[in-house]
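Notes to accompany the following structure.
The values are calculated or read from the model by the stated rules, or taken from the named source; none is laboratory data. This one's a predicted model, so the numbers in the text were calculated from it and none came from an experiment. As a convention, Cβ positions derive from the backbone with ideal geometry for all residues, glycine included, and neighbour counts pool all protein chains shown. Note: accessible area is taken over every heavy atom of the protein model, side chains too, but ligands, DNA and RNA are not part of it. Shrake-Rupley method; radii C 1.70, N 1.55, O 1.52, S 1.80 Å.
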Amino acid sequence: MNMNAIAPFAHPLYVMLKPVGALCNLRCNYCYYLGKKNLYPQTSNYLMSEEILERFIEQYIQSQSMNEVLFTWHGGEPLMRNRNFFKKALEFQRKYGRGRPIDNCIQTNGTLLTDDWCKFFKENGFLVGISIDGPQHCQDIYRRTKDNRPTFLSVMKGIELLKKHNVEFNAMGVVNDYNADYPLEFYHFFKSIDCHYIQFSPIVELIDGKLAIWNVPSEKWGDFLIAIFDEWVRKDVGTFYIQYFDSTLANWVGEQPCICTLAKTCGHAGVMEFNGDVYACDHFVYPEYKLGNIRNQTLTEMIYSDKQIKFGNNKQDSLTSQCKACQFLFACNGECPKNRIIKTDSGEAELNYLCKGYYKFFEHVAPYMDFMKKELSTQRSPANVMRLIGQ
């Protein structure tokens, strides 16, 4: 299993599961999900019931058109549920899977990992995603505890436990206004912990209608990608797998990217809250994007509903004329709709905040992508680009 297995397009129907909703033991400054508790003001218990869990697992398995089934556990912080909850989930998976191959991946901040958790993950073949924003000075600036203590050492202890028990893991780093200034230090950190599958995501948020102070500036996002790409393309192709570079190459050759933000349409990946409410996307957990509740409708009905299809197609249908005229539209497809928050040069609304950064990146990598595309078309390895550069 590798990080690409987590991609929303690994299965025709994909729904991320939130067993504790937005509950978390940390208080990361930029977290967009903590506020989702406000959707349920009458609720004090955010723990998913066994009834909802079983209903989800049965329907999710039945909905899959591929033989393999992938479950993704997310938060909040999913390790705020105990192991008995996940043991019960595995029982339901065996019951309804009837021998089908089933994988599980879980995204955690790593601070609650113990020997017992790691033994459980190893015994049951979990892929663990660790959220960490780079070396200590990068991690500790925004990823803090409830009482504002730093978290780096706790997360590193968790990573060491995963390695001790030979648990497969990958990393997800949030790129913000601070760590964007340290791209190579960021990249070298993940290499130093022997993490070969690296994901990172730019932070773009509005607070009361204004850009958040921790947002990564657009052009700095492009510079960040370029700096890491320049080292990766010379030394690490085929050894370290970086989701953004893999997805860019996928779009270059006309294949489906493993990052939904770079795909032509949205709507392939829903999310289910602790109480069975299903929403269009993890970044669109708002009342207007609620598709229904699993107690009243099936997952298939909700994810393939007219409302969700319209939501997904709107990504392409709402592109600005500036986007449509861009030579790199095929590579970014307007990126994530949640980031379309600025005006175009002509005054149109809804241009992507990260547009200039992406353009800078795609322009820089175009010759390398062209070469790797040619290698793939002749059934040769794209890693040959390193030999070309060396010559």
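Quick rundown of the values:
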read-out	value
Search result, residues across the stretch 132-170 that are on the phi > 0 side of the Ramachandran plot and open to solvent by less than 50 Å² (accessible area, probe 1.4 Å)	GLY134
Qualifying residue in the stretch 211-229 (condition: free of Cβ contacts under 8 Å to residues at least 24 places away in the same chain, out of contact with any Gly (no Cβ under 7 Å at 6 or more places or on another chain) and not in a strand (DSSP E or B))	no
Leading residue by the ranking (farthest from the chain's Cα centre (by Cα)) among those in the stretch 73-90 that are touching a residue at least 40 places away in the same chain (Cβ under 8 Å) and open to solvent by 10 Å² or more (accessible area, probe 1.4 Å)	PHE85
Which listed residue, of SER192, SER247, is of a type in the set (S, T, N, Q) and surrounded by fewer than 22 Cβ atoms within 10 Å (Cβ to Cβ)	SER192
Residue pairs meeting the criteria (Cβ under 7 Å; at least 6 apart or on separate chains; first in contact (Cβ under 8 Å) with a residue 12 or more places away in the chain, in the stretch 143-167; second basic (Lys, Arg) and in a helix (DSSP H, G or I))	HIS165/LYS119; HIS165/LYS122; ASN166/LYS122; VAL167/LYS122
Checklist (1) without any contact (Cβ under 8 Å) to a residue 40 or more places away in the chain; (2) open to solvent by 60 Å² or more (accessible area, probe 1.4 Å); (3) closer than 12 Å to LYS264 by Cα applied to ASN314, failing item	(1)
Among residues of the stretch 40-66, those that are among the aliphatic types (A, V, I, L, M), modelled with pLDDT of 95 or more and open to solvent by 20 Å² or more (accessible area, probe 1.4 Å), counted	1
Inter-residue pairs, beta-carbon under 8 Å, first free of Cβ contacts under 8 Å to residues at least 12 places away in the same chain and more than 14 Å from ARG98 (Cβ to Cβ) and in the stretch 55-66, second crowded, with 17+ Cβ neighbours inside 10 Å and not aromatic (Phe, Trp, Tyr), 6+ apart	none
Residue under evaluation SER201, criteria (1) closer than 20 Å to ARG340 by Cβ; (2) outside any loop (DSSP other than H, G, I, E, B); (3) open to solvent by less than 20 Å² (accessible area, probe 1.4 Å), criterion not met	(3)
Meets criteria (open to solvent by 60 Å² or more (accessible area, probe 1.4 Å) and closer than 23 Å to VAL233 by Cα) for GLN379	yes
Answer from GLY209, GLY173 - the residue that is surrounded by fewer than 16 Cβ atoms within 10 Å (Cβ to Cβ), within 30 Å of PHE311 (Cα to Cα) and not aromatic (Phe, Trp, Tyr)	GLY209
Condition met for THR265 (in a helix (DSSP H, G or I), among the polar types (S, T, N, Q) and within 27 Å of TYR30 (Cα to Cα))	no
Single residue of the stretch 312-332 satisfying the filter (outside any helix (DSSP H, G or I) and out of contact with any Ser or Thr (no Cβ under 8 Å at 6 or more places or on another chain)) that is nearest to THR248 (Cα to Cα)	PHE328
Residue in the stretch 271-278 that is closer than 20 Å to TYR33 by Cβ and open to solvent by 20 Å² or more (accessible area, probe 1.4 Å) present	yes
Selection within the stretch 230-261 - of a type in the set (D, E, K, R) and assigned to a loop (DSSP other than H, G, I, E, B)	ASP236, GLU255
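Okay, residues lined up against (1) of a type in the set (S, T, N, Q); (2) modelled with pLDDT of 95 or more; (3) in contact with a Leu (Cβ under 9 Å, 6 or more places away or on another chain); (4) under 24 Å from TYR32 (Cβ atoms):
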{"position": "PRO287", "(1), (2), (3), (4)": "no, yes, yes, yes"}
{"position": "ILE294", "(1), (2), (3), (4)": "no, yes, no, yes"}
{"position": "GLN297", "(1), (2), (3), (4)": "yes, yes, yes, no"}
{"position": "GLU301", "(1), (2), (3), (4)": "no, yes, yes, no"}
{"position": "TYR304", "(1), (2), (3), (4)": "no, no, yes, no"}
{"position": "LYS307", "(1), (2), (3), (4)": "no, yes, yes, yes"}
{"position": "LYS310", "(1), (2), (3), (4)": "no, yes, no, yes"}
{"position": "LYS315", "(1), (2), (3), (4)": "no, yes, no, yes"}
